[in-house]
Amino acid sequence: MSIDIDVEGAGWDGLPGLEGLAQQMMTAALPALGMHEDSVAVSILFTDDESVARINGEWRGKDYATNVLSFPAENMPLPPGEPQPLGDIVLASGVVAREAEAQGKTLRDHTIHLMIHGLLHLAGYDHEDDKDAAVMEALETQILKGLGISDPYE
């Protein structure tokens, strides 16, 4: 499995071991998606609210910071054995921390949940309607349960 992690700014100092958390998440999530760890690559950017607001404005036309953004990569021919890039996940430190506190969750558990949420978007899942949202939430809950994290939608 190839995970490229970049941490910008001090906003993520309160959650050490982000690389380990990302690897845990991928190890739990990929089999649930029918993917093999060696066959995919993901980039995760842990940054601040201002950066996420700028990225969200530039790429989605929305002028605010959100908790997680996902940018799926296009499928492209690769040499044999090269992992297929799934895309990029971007998390906003302030938004994630405020949500975790407001929802009575640990920062660790909420961050893992949002990484899974972002990964599912990269894999083609969405929550544009109730049916799709139910499918996506059930899969998130299943993966989180395997990591010992309770259902975030309860």
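Here are the numbers:
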item	result
Qualifying residue in the stretch 16-30 (condition: more than 15 Å from the chain's Cα centre (by Cα) and surrounded by 13 or more Cβ atoms within 10 Å (Cβ to Cβ))	no
Options 121, 117; residue that is modelled with pLDDT of 95 or more, buried (at least 17 other Cβ atoms within 10 Å of the Cβ) and either in contact with a His (Cβ under 8 Å, 6 or more places away or on another chain) or under 17 Å from residue 5 (Cα atoms) (or both)	117
Residue 68, sole failed condition from (1) modelled with pLDDT under 95; (2) under 14 Å from residue 116 (Cβ atoms)	(1)
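The values are calculated or read from the model by the stated rules, or taken from the named source; none is laboratory data. Computed from a predicted structure; not experimentally measured. When we count neighbours, we look across all protein chains shown, and the Cβ atoms used for this are built from the backbone with ideal geometry, even at glycine.
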